[in-house]
Structures are given as C-alpha cells and as structure tokens.
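A.B. asks: I have a structure I would like to understand better, so I am pasting it below and will then ask my questions one at a time.
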Amino acid sequence: MSIAFDPQKRTFKLDTATSSYIIQVYEENYLLNLYYGPWIPESFIDGRQCRRPNASFSPTNPAVGGGFTPDAAPMEYGCNGTGDFRISALAVRNADGNSVTDIRYVGHKIYAGKPEIPGQPSTYVNHESEADTLEIYAEDAVTKVRVTLYYTVFSDCGVMTRRVRVENTSSYSCEIERVFSMCVDLPGMDYDLISLYGRHYKERNLERRPLAHGVQGIESKRGVSGHCQNPFVALAAHNVDEQHGIVYGFNLVYSGNFSALAECDFNGTTRLIMGINPVDFGWTLMPGDSFDSPEAVMVFTEDGLGEMSRIFHRFYNSNLIRGRWKTEKRPLLINSWEAAFFDFDTEKLVAFAKTAKELGIEMLVMDDGWFGKRNDDSSSLGDWFVNEKKLTGGLSALIEQVNQEGLKFGIWYEPEMISPDSDLFRAHPDWHVHVKGRTPMLGRSQYVLDVSREDVRDNIWKQMYKVLSENKIDYVKWDFNRNISDAGSAILPAKRQKEFFHRFILGTYDLMNRLVTTFPDILFENCSGGGGRFDPAMLYYSPQIWTSDNTDPIERLYIQFGTSMCYPASTMGAHVSANPRTGYETKGNVAMWGTFGYELDPRNLTEHEIEIVKEQVKNYHKYYDLIHYGDLYRLISPFDNPYRAAWQMVSAEKDRFMVTLVTMRVESYANVILKLQGLDPKKQYRNEATGEIYSGTLLMKAGLILNGVAHGTGESCVLYFTEV
Ligand code: DGJ
C-alpha cells in the first residue's frame with residue numbers, strides 16, 4: 001500500500017515512487033502537514049520542529065502542552081478564524097452568523113482504488129490496484145461541520161490527487177464561504193511561481209516569478225477557466241530548468257471560476273491553496289446536505305519542469321481521458337471554419353470533402369453556421385435545427401455525400417449559448433443568465449443559457465439528441481464563445497444566487513455526461529474561442545481541445561509550449577491553415593505536435609502544396625502513436641530563445657523518436673547543435689532520412705549537429721529516428 005498509518009506516532013505516510021507526503025494527527029487532534037517532497041524512508045518528522053518561534057502576536061491554544069499556535073504551524077487544511085491568519089482553505093458561516101471554523105481529526109479510512117465525485121469529472125483508476133485512497137474525517141465540534149479530506153496516491157505515476165467533502169451534520173443551515181480542494185504548507189519560500197497567462201488568440205504563455213511575502217496567485221472570475229489564466233500552477237526551486245530541480249505542479253480538474261494562491265508568511269514559509277474561487281461563491285448546506293469540491297492533481301519531481309510535464313501527460317492519457325477515443329486512432333480532420341466561415345452550402349462542403357479525400361484526410365467537420373438562420377454571429381444560437389436554405393435536402397443528404405466521398409462527418413455546437421434573435425429566446429425570454437432589473441451584457445452578440453436549470457438542459461439535450469441520433473455523426477465540436485457576466489439564475493432564491501457559477505458548471509458537466517454516455521462512439525472536441533476552456537475537467541468529457549484560434553505557426557509555438565506544461569499532445573487540437581506567415585512545411589511541422597488537422601479550402605492548394613500536404617498526412621498516420629503518446633522533451637523553448645524552438649517526442653520503449661526544429665528568426669551563424677534528451681544511451685539510432693547512425697550517448701552528450709538546416713526565418717525540419 002502506498003498509504004500507511006502509524007498508530008503510535010499518529011502519522012499518515014503517502015508515498016509515490018519518488019515522493020513522500022506526511023500528515024500528523026497532533027495533540028488536540030490538530031492535523032499537521034509534516035512533509036511533502038522527495039521520497040524519504042521515515043514516517044515521522046518531529047512535530048515540534050514545525051512549531052516556529054516568531055509568533056508572539058499569534059493566538060495560542062493552551063490546551064496543547066506548551067501551547068499550540070496554528071498561525072505558526074504547518075496546518076494540513078488551514079481554516080478561518082481560529083488563529084491561523086494565512087489564506088484559509090475553508091470558511092463556513094454558521095447559524096450564529098460567524099465564520100469561525102476549526103476542524104479536528106476524528107477518524108480515517110484507507111482503501112485500494114478511488115471513488116468518483118458525484119456529478120463531477122475526476123481522474124480514475126483503470127484497476128483498483130493502481131491507487132490507494134485515504135479519507136481523513138475532521139469535525140468542527142461547535143458547528144458540527146464535518147469535513148472529509150480525500151487523498152489518492154497513484155504511486156507508479158508519481159501523482160497524488162486531493163479533494164474535500166463538507167457535510168452539515170447539525171440541525172441548522174450553514175453557508176460555505178470558501179472551500180479549497182487542497183492546501184499545502186511548505187517550509188521556506190525559495191520558489192518561483194509558474195503559471196500560464198494569456199488571452200483569446202494567445203493562450204497559455206509561460207510566466208515565472210519569485211515568490212514574495214504576502215499573497216500572490218491567479219484566478220478566474222469569468223464563469224469558465226478562461227483564456228487569461230489556466231488552472232495550473234507550479235512551485236519550482238529558483239534553479240529549476242527542464243531537466244533539473246524540485247518542482248511541485250498543481251492542476252485543478254474544474255472548468256469554472258478558480259483560484260490558486262500562494263502566501264509567504266512572517267516565518268518565511270509558503271502555503272499554497274487551489275480550488276473554487278471564493279469570489280462570487282457561497283453554498284448553503286441544509287442539515288444533512290453535503291458539498292464536494294473539485295479535484296486537484298499534484299505532481300512532485302526532483303527532475304525539473306520537463307519531467308513534471310511528462311508525469312502529467314502520462315497520467316492524463318491513462319487516468320483522465322476516457323472512452324473509445326482514449327486509445328483508438330482519431331480521424332485526421334479538415335474543418336470548414338477558416339475555409340469558409342459562415343459562407344457554405346452542401347455543394348461547397350462536398351467539394352471540400354472530395355479534395356480532402358485525395359489528400360488522405362479522413363473526416364470533414366462542418367463548423368458554425370449550419371442551423372437556424374445563422375449567416376453571421378448575430379443570430380440562431382439555441383435553434384439547433386438545420387438551415388435547409390444552406391444544406392439543401394437536409395443534414396442526412398449532406399452526410400451521405402460526404403460519406404460517399406469516403407470521409408467521416410463532424411458537426412459544431414455551442415450548447416450553452418442563446419442568441420437574443422432566436423426562436424428559443426422568443427419562446428423562453430428568461431432562460432438566459434441574467435439578474436432581475438438589468439439588461440445583461442452581450443458577448444459576440446449572444447447571451448449565456450442558464451444551464452444550471454434542468455428544464456433548460458433538457459431542451460438543449462432533446463434538440464441535440466434529435467440531430468445526433470437521426471444522423472450519422474462521428475464528431476462534435478463543442479464551443480463556448482463568451483465569458484459570463486450578470487451572473488444570476490431566474491429560479492434560484494436570493495439566498496442561493498451565490499451558488500450560480502458552480503451550479504452552471506455542474507449543469508455543463510451534466511449535459512456533457514448525457515452526450516458522451518448516450519453517444520460513446522462520437523469523438524468530442526472541446527473549444528472555447530480556441531483554448532478558453534482548456535482544462536482537465538473538459539478533457540474528462542472530450543479527449544481533445546482546440547488549442548487556439550491562432551493558427552499562425554510561429555505564435556503557435558508559444559501556445560503549444562505553454563499548453564504542454566501539463567497537457568499532453570494527444571489533447572492539443574493543432575491545424576494547418578492558410579495563414580501566410582510560413583510555408584506549408586513549417587505549418588505542418590508545428591501542427592504535428594497535437595491532434596493534427598487542416599482548416600483551409602483544400603481546392604486552393606497549389607500542386608507543390610498538395611505534395612507537401614500528402615507527405616504530412618502520410619507522416620501523421622505513420623507516427624501517430626509517437627506524436628500522441630510519446631514522451632515530450634522541450635529542447636529549446638521560444639520563451640527562452642528568440643531565434644528558434646525545438647522539441648522531441650520519444651517512444652516509451654525509447655526505440656523511436658522524432659525531433660522538430662523551427663527557426664523563428666535568423667541568427668548570425670547557421671549551425672545548431674541540439675542536445676537530445678530521453679534516449680537510451682546504449683542504443684543506436686538511425687536517421688530515417690539519411691541512414692546515418694548515432695548512439696544515444698552521442699546524441700545526448702555531443703548533440704545532433706544541424707548544419708544550415710531550417711536556417712531561414714519560418715523554416716523548420718522534422719527528423720525521425722529508429723533504433724537499429
Ligand atoms: C470559435 C472557435 O474557436 C472557432 O474554431 C470556430 O468554431 C468559431 N468559434 C465558430 O463560431
């Protein structure tokens with residue numbers, strides 16, 4: 001078992017192959033976090049070491065021998081109002097009107113496997129033996145709020161997950177004001193906080209800053225995880241690079257408002273909490289009610305950012321992505337959006353399919369504009385019936401013709417939205433998200449549908465069910481094109497309006513769950529104006545996400561490098577478009593780091609471009625497994641180097657790899673020596689293009705010398721190697 005309880009010392013030890021995490025039940029049943037870091041054999045670190053002296057103004061509990069000062073102790077799950085003044089993980093307003101919260105250990109349970117979270121996405125075990133779970137029960141003796149702290153240890157993967165359940169066991173109602181999914185108190189503050197910031201068209205840029213005293217962090221209040229900050233942070237020792245150093249990585253399995261905060265206190269220690277953003281959040285618990293937080297995934301490594309990413313990637317590929325398309329080869333697609341925008345009809349789409357087939361493409365996706373009377377973005381969201389003026393003979397006639405050309409067929413939806421100019425809005429003028437007395441803000445000319453309501457979800461579900469069950473549809477792109485303002489639901493009582501944002505996300509999960517369970521063969525791709533909802537919760541429902549609307553291959557380097565911090569290539573939608581920034585080789589080489597596809601009118605390709613595309617398509621099929629499931633090594637990051645970027649994908653057996661180099665700007669000299677990573681030093685590898693053979697040792701120590709290759713701005717190359 002990867003979790004052990006020592007009844008004498010009253011400690012829990014949670015071990016992965018490379019890390020240890022120790023919790024102590026201290027005097028008066030306070031829960032302390034004694035250790036989180038590299039694996040150690042001991043199951044105990046003296047709790048007194050954790051009591052720090054410089055806390056003269058911090059209140060003390062005299063019931064503990066020698067006194068106990070929560071403010072100066074490494075609390076396992078810091079609560080509000082009883083002497084711990086750092087950012088708290090939990091605050092519950094009780095029937096007396098105060099939010100003083102103090103939970104103490106009352107029991108625990110350890111078992112093999114991992115339970116699901118009712119109604120919410122989470123990572124899972126393929127077999128019970130893959131992980132062990134610890135439930136620690138803690139209670140507030142005064143308010144009778146009972147908390148279960150869940151820890152699951154995936155020992156072989158090097159991953160731990162955490163979450164929390166809060167139950168009201170009293171006979172009065174109470175209100176959760178904040179409930180974070182995890183809390184860690186680390187000694188010292190010599191860390192950089194790494195996060196992924198951005199905006200529409202420029203998602204997930206890497207940002208790294210040293211921690212300073214006080215509270216710092218990232219959040220979303222947009223109703224979705226959003227383009228601007230991703231629910232991922234890492235704490236990394238200052239000297240950490242891709243290959244060396246201590247890193248703690250945290251990723252929240254949640255698509256709504258989140259917050260990840262680090263506080264460095266007067267003792268020079270660091271607390272990190274991550275969970276639902278307490279801003280605009282509150283949750284009433286009636287007697288007997290309970291509330292489940294989303295799950296946080298925690299990765300620890302001593303081997304730098306590269307290894308942290310690979311741990312996340314392997315874990316998400318095996319323990320988050322589900323269903324048929326987890327392992328089955330996904331079709332190579334062409335999407336109509338950048339090819340035609342709203343301007344298409346059956347004839348044009350069939351012509352796309354015909355040409356695409358000749359290139360080796362396997363599926364046509366009809367994007368936005370097929371329903372209601374939608375010819376631009378000003379109408380029809382919510383009217384999910386086909387526009388027969390565009391698609392003569394209806395959807396089935398179109399699909400038949402596309403299938404006849406030998407392609408599968410995919411379709412676009414934006415289920416959580418409603419246009420003021422739609423039949424749905426005219427029939428149900430109170431179904432959009434709004435508050436009484438205010439005209440809500442528009443975003444892309446649309447309102448957000450209140451999917452926290454079951455009747456609203458049922459309506460959208462029925463409309464989608466009709467189309468998806470009556471037609472041969474292989475793929476659905478699920479879009480979401482604005483953030484949520486004027487947050488309120490017409491059916492929630494005033495006291496519960498603060499529950500809206502979380503209820504909205506639960507509603508989205510419910511709708512997605514209905515779809516993926518009813519149509520298990522459909523491949524779902526998530527999207528939110530590109531990558532505005534690129535998070536692990538969405539990956540639970542759809543194995544791939546459109547990474548960004550920005551298909552410029554040079555800009556994509558930054559976006560894909562950032563996204564790869566915790567999300568695997570198998571999840572990153574990456575398409576070749578008509579964007580003129582570089583030639584087709586580089587567009588393809590960059591898109592080949594993800595779920596590859598095209599987003600252009602294939603009839604406009606020149607003879608020369610057609611040959612390039614055919615070669616790309618062939619290579620994507622040939623190296624599919626390596627691209628999707630290989631181990632990623634980021635060799636040169638565009639965030640560090642203004643001239644070039646390079647990365648490598650290595651098979652699990654280390655018998656195949658591919659390495660990509662892209663020149664963003666010409667440097668004065670033309671030689672590039674790429675020191676490769678992750679190879680077997682004893683193996684010999686053949687360059688498939690030239691036949692040259694090198695040892696793994698040479699490639700990693702002396703490096704791969706690329707003389708004048710891919711030297712010009714926007715040029716690139718991909719080299720494939722196989723073990724001899
Ligand atoms: C935003 C998406 O990111 C695009 O790919 C496209 O689907 C448009 N929405 C359609 O409105």
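The values are calculated or read from the model by the stated rules, or taken from the named source; none is laboratory data. What you see is a predicted model; the values in this text were computed from it and never measured. Positions of Cβ are backbone-derived with ideal geometry, glycine not excepted, and every protein chain shown enters the neighbour counts. Areas reflect the complete protein model, heavy atoms only, side chains present, ligands, DNA and RNA absent. Shrake-Rupley method; radii C 1.70, N 1.55, O 1.52, S 1.80 Å.
A.B. asks: Given the DSSP H assignment, sum -39500 (n - 2.57) over each helix run of at least 4 residues in the chain and divide by its residue total; what's the result at 222 nm in deg cm²/dmol, nearest 500?
C.D. replies: -6000 deg cm²/dmol
A.B. asks: Then there's this: Summing +1 for each Lys or Arg and -1 for each Asp or Glu, what net charge is found among the other residues whose Cβ lies under 15 Å from the Cβ of Gln404?
C.D. replies: So the environment of Gln404 carries a net charge of -2.
A.B. asks: Please give the per residue accessible area of region 220-267, computed with a probe of 1.4 Å over protein heavy atoms only, in Å².
C.D. replies: 25
A.B. asks: While we're here: Working only with C-alpha atoms, what are the Rg and Dmax values of region 632-723, expressed in angstrom?
C.D. replies: Both quantities, over Cα of region 632-723: 12.8, 38 Å.
A.B. asks: So, one more: As a quick test, which of the pairs Lys357/Lys587; Lys389/Lys472; Lys221/Lys495; Lys202/Lys329; Lys202/Lys390; Lys357/Lys389 have an alpha carbon distance above 31 angstrom in this structure?
C.D. replies: Checking Cα-Cα distances, Lys202/Lys390 exceed 31 Å.
A.B. asks: Need the C-alpha centroid separation for region 530-596 versus region 180-215, integer Å.
C.D. replies: 23
A.B. asks: If r is the Cβ-Cβ distance from Asn29 to Val215 and R0 is 30 Å, what FRET efficiency results, to the nearest 0.05?
C.D. replies: Result of the calculation: an efficiency of 0.60.
A.B. asks: Considering only protein heavy atoms, with the full assembly of protein chains and a 1.4 angstrom probe, order His244, His502 by accessible area, largest first.
C.D. replies: So, going from the largest accessible area down, we get His244, His502.
A.B. asks: A further question on this structure: What is the local net charge at Ala112, summed over the other residues whose Cβ is closer than 14 Å to its Cβ (Lys, Arg +1; Asp, Glu -1)?
C.D. replies: For residues surrounding Ala112, the net value is -3.
A.B. asks: Percent of Cα-Cα pairs per 20 Å bin, from 0 to the last occupied bin, for the chain, please list those.
C.D. replies: Once binned at 20 Å, the Cα pair distances of the chain give 17, 48, 30, 5, 0.
A.B. asks: Read phi for every residue in region 675-683 and hand back ³J(HN,Hα) as whole Hz from Karplus 6.51 cos²θ - 1.76 cosθ + 1.60, θ = phi - 60°, with x for Gly and Pro.
C.D. replies: 7, 6, 9, x, 8, 8, x, 7, 7
A.B. asks: Something else about it: Within region 323-395, list the GluC sites (Glu not before Pro) lying in a DSSP loop whose Cβ has at most 14 other Cβ atoms in a 10 Å radius.
C.D. replies: Values: sites: Glu328, Glu338, Glu347, Glu358, Glu362, Glu388; in loops: Glu328, Glu362, Glu388.
Answer in residue order: Glu328, Glu388.
A.B. asks: Additional query: Can you tell me the alpha carbon radius of gyration of region 234-311 divided by the globular rule-of-thumb value 2.2 N^0.38 Å?
C.D. replies: Here the Cα radius of gyration is 1.40 times the empirical estimate.
A.B. asks: Carbon and sulfur together cover what percent of the accessible area of the chain at a 1.4 Å probe radius? Could the numbers behind the result be given before it?
C.D. replies: Values: 12930 of 25880 Å².
That share works out to 50 percent.
A.B. asks: On C-alpha positions alone, give me the angle between the axis of helix 304-319 and the longest principal axis of the chain, in degrees, nearest 10.
C.D. replies: Helix 304-319 sits at roughly 80 degrees to that axis.
A.B. asks: Multiply the residue separation of Arg199 and Asp521 by 0.36 nm, subtract the distance between their alpha-carbon atoms, and state the gained length in nm to one decimal.
C.D. replies: Using 0.36 nm per residue and subtracting the Cα-Cα distance, I get 112.6 nm.
A.B. asks: Oh, and also: List nothing, just return the count: lysine pairs in region 632-723, 8 or more apart or interchain, with Cα separation under 13 Å. Please list the in-between numbers first.
C.D. replies: Working: Lys654/Lys682; Lys654/Lys683; Lys675/Lys701; Lys682/Lys701.
Within region 632-723, the lysine pair count is 4.
A.B. asks: Moving on to the next point. Assuming 0.36 nm per residue, please report the length gained on full extension of the stretch His238 to Lys436 beyond their Cα-Cα distance. Intermediate results must be reported in sequence, preceding the final value.
C.D. replies: Numbers: separation 198, 0.36 × 198 = 71.28 nm, distance 4.99 nm.
Gain on stretching His238 to Lys436: 66.3 nm.
A.B. asks: In the structure shown, do any of Lys326/Lys618; Lys13/Lys326; Lys466/Lys498 have a Cα-Cα gap over 24 Å, and if so which?
C.D. replies: Among Lys326/Lys618; Lys13/Lys326; Lys466/Lys498, the Cα-Cα distance tops 24 Å for Lys13/Lys326; Lys466/Lys498.
A.B. asks: Accessible surface of Asp450 in the full protein assembly, 1.4 angstrom probe, to the nearest 10 Å²?
C.D. replies: 0
A.B. asks: Moving on. Given 0.36 nm per residue, what is the gain on full extension from Ser171 to Ala112 after removing their alpha carbon distance, in nm?
C.D. replies: 17.9 nm is the gain from fully extending Ser171 to Ala112.
A.B. asks: Here is a further query. Under 8 Å for C-alpha pairs, at least 6 residues apart: give me the relative contact order for the chain, rounded to a whole percent.
C.D. replies: Relative contact order here is 10 percent.
A.B. asks: Add +1 for every Lys or Arg and -1 for every Asp or Glu among the other residues with Cβ under 9 Å from the Cβ of Ser255, and state the total.
C.D. replies: Around Ser255, the charge tally is 0.
A.B. asks: Continuing with the same structure: Within 10 Å, count the other beta carbons around each residue, average over each peptide in 689-700, 505-516, 594-605, and list them highest first.
C.D. replies: Result, highest mean first: 594-605, 505-516, 689-700.
A.B. asks: Something else about it: Between 0 and 90 degrees, rounded to the nearest ten: what's the tilt of helix 394-404 against the longest Cα principal axis of the chain?
C.D. replies: 70
A.B. asks: If you plug each phi of region 383-389 into the Karplus form 6.51 cos²θ - 1.76 cosθ + 1.60 with θ = phi - 60°, what whole-Hz ³J(HN,Hα) values come out, in order, with x for Gly and Pro?
C.D. replies: 9, 8, 10, 5, 8, 6, 5
A.B. asks: For a quick check: with amide H placed at 1.01 Å from N, whose amide H comes under 5 Å from Val164's, ignoring anything fewer than 5 positions away on the same chain?
C.D. replies: Amide H neighbours of Val164: Tyr150, Ser293.
A.B. asks: Separate question: So what is the orientation-averaged projected area of region 331-546, using the convex hull of its C-alpha atoms, in nm²?
C.D. replies: That works out to 11.3 nm².
A.B. asks: What are the semi-axes of the equivalent ellipsoid of region 1-105, taken as the square roots of 5 times the eigenvalues of the Cα gyration tensor, listed largest first and rounded to whole Å?
C.D. replies: Equivalent ellipsoid of region 1-105: 26, 16, 13 Å, largest first.
A.B. asks: Cross-link candidates for Lys373: which aspartates and glutamates have Cα within less than 14 Å, leaving aside residues fewer than 8 places away along the same chain?
C.D. replies: In chain and number order, the partners are Asp343, Asp345, Asp383, Glu388, Asp421, Asp423.
A.B. asks: Another question about this same structure. For region 620-685, which semi-axes, largest first and in whole Å, follow from the square roots of 5 times the eigenvalues of its Cα gyration tensor?
C.D. replies: For region 620-685, the ellipsoid semi-axes come out as 24, 14, 10 Å.
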